[in-house]
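Take a look at the structure below.
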Amino acid sequence: MNKDIKYFGIDISHLVFDVTDSEGNYYQFKNKLSGFKQFLKLLNCNSHCVMEATGYYHYQLAYYLFENGKKVSVENPLSVKRFIQMRLSKIKTDKSDSKLICAYAEQVELKLWQGSSKEVQECLQITRVLSVYTKQSTMLKNKLHGESVLGEPSKAVVRSLNRSLKQLDKEK
C-alpha cells in the first residue's frame, strides 16, 4: 500500500453510489452526472477510486472518472467478495460494502482500468442484445414444439408464437 494514495471504495447501484475513503469518511451520491461532479470535487492527483464490475451500473462513473484523469480500478466482484468473507464481515449494507472495498484497495495490487473505445462498447452491447434475441428465439421455438406435442395446439397461440419469431428474426 502506498501511503500517499487516498483510496475511495465505491459501492454502486442503480440510483446511488456509496463511497468510503481511506480515512474512514463516508459519502453518498446520486448515480448520475450531478453526483459524479460532486464526487469529483473530493478527488485529487493522489486519489484512486475502486469499484466492482456491476454489470452495467459502474460504467458511467468509471468512464467519467477516467475521462477526468482520475485513477480507476474496476475489480472482479468475486475477488472482492472473497476478501470480505475472509474478514468475516456479517454486516451487508452499501455503506459497509464501500468501506470493505476501500480496505480491499489498500491491501491488494490494483490494475488501472482503461475502459474501451465507444466502438468496442457498441460492439459489446450489440453482442449482448443478439445473445438475448437468440435465447428468446430458442424459447419461442421450444414453446412451439411443446404446443405441437399437445396434439391439437391452439391456432391463436401458434400464430402468436410465429409472429414473435418473425419479429425476432427481423431484429437479428
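Laboratory data are not the source of any read-out in this text; all were calculated from the coordinates shown. Everything quoted here is computed from the prediction, not taken from an experiment. Neighbour counts run over all protein chains shown; Cβ positions are idealised from the backbone, glycine included.
Miscellaneous remarks
- Computed from phi, the 3J(HN,Hα) profile of region 46-53 under the Karplus parametrisation 6.51, -1.76, 1.60 (θ = phi - 60°) reads 9, 8, 9, 9, 10, 9, 8, 6 Hz, with x in place of Gly and Pro.
- Cut-off under 5 Å, modelled amide H: who pairs with Ser13 long-range: Asp18
- If you model region 6-107 as an ellipsoid using its alpha carbon gyration tensor, with each semi-axis the square root of five times an eigenvalue, the axes come out at 20, 14, 13 Å, biggest first.
- Choice from Leu100, Leu43, Leu78 with maximal GNM fluctuation in the chain (Cα, 10 Å cutoff): Leu78
- For the chain, the longest site-free run once GluC sites (Glu not before Pro) in DSSP loop states with at most 11 other Cβ atoms within 10 Å are removed: 24-108
- Using only the C-alpha atoms, the convex hull of the chain corresponds to 164 Å³ per residue.
- Membrane-span-like helices of the chain, defined as complete DSSP H segments with a Cα extent of 27 Å or more along the helix axis and a mean Kyte hydropathy of at least -0.5, are identified as 118-149.
- Quotient of C-alpha Rg and 2.2 N^0.38 Å, computed over region 89-172: 1.94
- Amide H partners (placed H, <5 Å) of Lys6, local residues excluded: Ser47, His48
- Lys-Lys pairs in region 47-135 that are eight or more residues apart or on separate chains and whose Cα atoms lie under 13 Å of each other come to 4.
- When you filter the chymotrypsin sites (Phe, Trp or Tyr not before Pro) in region 47-149 for DSSP loop state and at most 15 other Cβ atoms inside 10 Å of their Cβ, you are left with Tyr56.
- With Rh defined as the Kirkwood radius, the inverse of the mean 1/r over Cα pairs, the Rg/Rh of region 43-102 is 1.00.
- Using the rule -39500 (n - 2.57) for each DSSP H run of four or more residues, divided by the residues of the chain, the 222 nm mean residue ellipticity is -17500 deg cm²/dmol.
- Count Lys and Arg as plus one, Asp and Glu as minus one, and take only other residues whose Cβ is under 12 Å from that of Leu140; the net charge is then +3.
- Annotation: peptides 29-36, 157-164, ranked by per-residue average of other Cβ atoms within 10 Å with the highest first, follow the order 29-36, 157-164.
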